[in-house]
């Protein structure tokens with residue numbers, strides 16, 4: 001796949017140098033000499049990534065990012081600032097607005113290509129993960145309705161509203177339904193022998209939970225509790241099993257979800273075995289941003305500390321000490337409302 005990169009830079013020599021480096025690396029490059037033209041090209045061509053100077057006349061880089069972030073068609077495009085300033089306030093303002101990264105001028109070609117490659121791969125992974133879920137429940141039922149025995153399935157769909165802190169299902173109980181999240185955030189976790197929680201996943205709108213026990217015909221091996229007021233669809237167990245055993249396309253989708261979940265679990269086990277608490281906390285914060293709030297730039301992480309520590313696999317006291325260290329290093333901001341990432345680039349460097 002040949003990626004398209006839009007470069008917005010008012011310095012003609014600089015934009016030619018950047019375009020030349022990217023073209024040598026086999027990227028398709030679009031250029032704009034001012035913010036207004038850059039916005040027009042981004043909306044017209046939907047590039048895979050945007051490199052944008054901050055200091056420009058008429059409309060600066062902050063204005064470009066704000067406008068593109070408010071447009072659903074361009075909000076998800078990875079955005080990297082090019083800045084001649086090493087001023088932390090500029091970097092902080094850019095990250096607060098939702099920039100994915102920044103490069104400080106002057107930079108060499110290898111640094112530019114590395115940052116671009118990392119951002120494209122991360123974005124591709126997020127998109128791929130999203131595609132492993134059936135985002136549109138109506139589409140899910142349209143597949144079912146093609147089969148005669150499921151013509152009435154959609155008519156029996158139940159929507160349940162569940163308040164924050166209430167359980168959807170509990171470890172050890174027998175499953176009766178498949179749950180599809182329509183709204184809210186849900187935590188799944190296992191309870192250890194000494195009563196501690198190990199968070200196995202954070203789930204948002206469009207995701208399926210609780211389907212593996214249905215397939216294996218076993219009790220739930222984890223619990224699911226609501227972190228933000230939620231609405232879920234309930235699909236009866238018999239309907240779900242009949243659907244996946246009869247419709248090969250639906251079955252393949254659930255196999256892909258299982259594969260993705262297995263890969264993520266293996267990765268977390270490796271992190272817990274070989275990484276420091278500092279690395280694991282950084283990795284968990286990045287994961288929460290990308291999985292729970294992927295389209296909400298500058299969003300506060302307002303999950304409870306015990307939930308974050310359960311995801312990290314450490315004591316809450318250790319998490320608090322690490323967060324305090326990150327605050328002192330100006331990597332994040334701790335407020336009464338939650339955690340705001342100030343320097344995602346440093347956080348990713350720590351997590352490596």
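Worth a mention:
- Summarising the label geometry, the points placed 7 Å from Cα in the beta-carbon direction at residue 4 and residue 171 lie 4.9 nm from one another.
- Classified by the C-alpha gyration tensor, region 275-351 has a rounded form. Its axis ratio a/c, with a ≥ b ≥ c, is below 1.5.
- Distance-filtered residues of region 55-72 - backbone nitrogen under 19 Å, label point 7 angstrom along residue 33 Cα→Cβ: 55-61
- Which of 44, 305 has the fewest Cβ neighbours within 10 Å, and the rest in rising order: 44, 305
- Rounded FRET efficiency, nearest 0.05, which uses the C-beta distance separating residue 242 from residue 194 and R0 of 35 Å: 0.30
- By other beta-carbon atoms within 10 Å, ranking 52, 289 with the fewest at the front produces 289, 52.
- FRET efficiency estimate (nearest 0.05) - Cβ-Cβ, residue 13 to residue 205, R0 56 angstrom: 0.75
- For residue 23 and residue 318, a Förster radius of 45 Å and the Cβ-Cβ distance give a FRET efficiency of 0.45, rounded to the nearest 0.05.
- Were the residues from residue 183 through residue 218 laid out at 0.36 nm apart, the gain over their Cα-Cα distance would be 9.9 nm.
Computed from the coordinates by the stated procedures, all read-outs in this text should not be read as laboratory data. In this text the structure is predicted, and so the values were computed from the model without any measurement. In this analysis, Cβ positions are derived from the backbone assuming ideal geometry, glycine residues included, and neighbour counts consider all displayed protein chains.
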